[in-house]
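In what follows, a single structure is set out as structure tokens and then discussed.
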């Protein structure tokens, strides 16, 4: 079994030096594995095809040397996109004010799914303003979260 945390630790320093932030690393597929590397620019400028190509070349070289994946696999590099996943606790602070969908592994107040405006964090909890009021959910309970594309998010991504 391949530990994506090890792969993240292997590629993160080089990509950071190039001006990129690793958003997520995932390994999918059974017969033919695909290593997905999702990244964004640290200057928050939009990712280009050239950015993805540059990341792909660097990651390929690093993985060729370290060889952390047994057998053949396909490397797939992409940008995080507007509806990017929220992976780290600091993502919830960085995107404060944006709308997000959050799914939990175990229910909080009888619910596993929440949608609302991010209010940041409090300790190890995520704060959300939902249609029924403010909710605090433990970051450790989050199984999946991502931004929701709204007019506010579109406006923030394309400043005039």
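The values are calculated or read from the model by the stated rules, or taken from the named source; none is laboratory data. Bear in mind that the values here come from a model prediction, so they are computed numbers and not experimental data. As a convention, Cβ positions derive from the backbone with ideal geometry for all residues, glycine included, and neighbour counts pool all protein chains shown.
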**Item:** Subset of segment 103-160 (residues that are closer than 17 Å to residue 89 by Cβ, out of contact with any strand residue (DSSP E or B) (no Cβ under 8 Å at 6 or more places or on another chain) and assigned to a helix (DSSP H, G or I))
**Value:** 140
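Is it the case that some residue within segment 85-100 is touching a residue at least 60 places away in the same chain (Cβ under 8 Å), assigned to a loop (DSSP other than H, G, I, E, B), closer than 30 Å to residue 125 by Cβ and touching a strand residue (DSSP E or B) at 6+ places or on another chain (Cβ under 8 Å)?
Quick first cut of segment 85-100, residues touching a residue at least 60 places away in the same chain (Cβ under 8 Å) only: 85-87.
Narrowing the set further to residues that are assigned to a loop (DSSP other than H, G, I, E, B) leaves 86-87.
Applying the additional criterion that residues be closer than 30 Å to residue 125 by Cβ yields 86-87.
Filter once more, so that each one left must be touching a strand residue (DSSP E or B) at 6+ places or on another chain (Cβ under 8 Å): 86-87.
The answer is yes, given that some residue of segment 85-100 is touching a residue at least 60 places away in the same chain (Cβ under 8 Å), assigned to a loop (DSSP other than H, G, I, E, B), closer than 30 Å to residue 125 by Cβ and touching a strand residue (DSSP E or B) at 6+ places or on another chain (Cβ under 8 Å).
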**Asked** Which one is farthest from the chain's Cα centre (by Cα) among residues in segment 34-61 that are surrounded by 16 or more Cβ atoms within 10 Å (Cβ to Cβ) and assigned to a strand (DSSP E or B)?
**Response** 35
**Request:** Any residue in segment 52-80 that's under 19 Å from residue 28 (Cα atoms): show its pairings with residues that are assigned to a loop (DSSP other than H, G, I, E, B) and modelled with pLDDT of 90 or more at Cβ separation under 7 Å, as long as the two are six or more apart or on different chains.
**Result:** 79/47
**Prompt:** When both residues are 6+ apart or on different chains and their Cβ atoms are under 9 Å apart, which pairs have a first residue that lies in segment 21-39 and is on the phi > 0 side of the Ramachandran plot, and a second that is assigned to a strand (DSSP E or B)?
**Reply:** 29/73; 29/74
**Asked** Taking segment 62-74, which residues are at pLDDT below 95 and either in contact with a helix residue (DSSP H, G or I) (Cβ under 6 Å, 6 or more places away or on another chain) or in a loop (DSSP other than H, G, I, E, B) (or both)?
**Response** 66, 67, 68, 69, 70, 71, 72
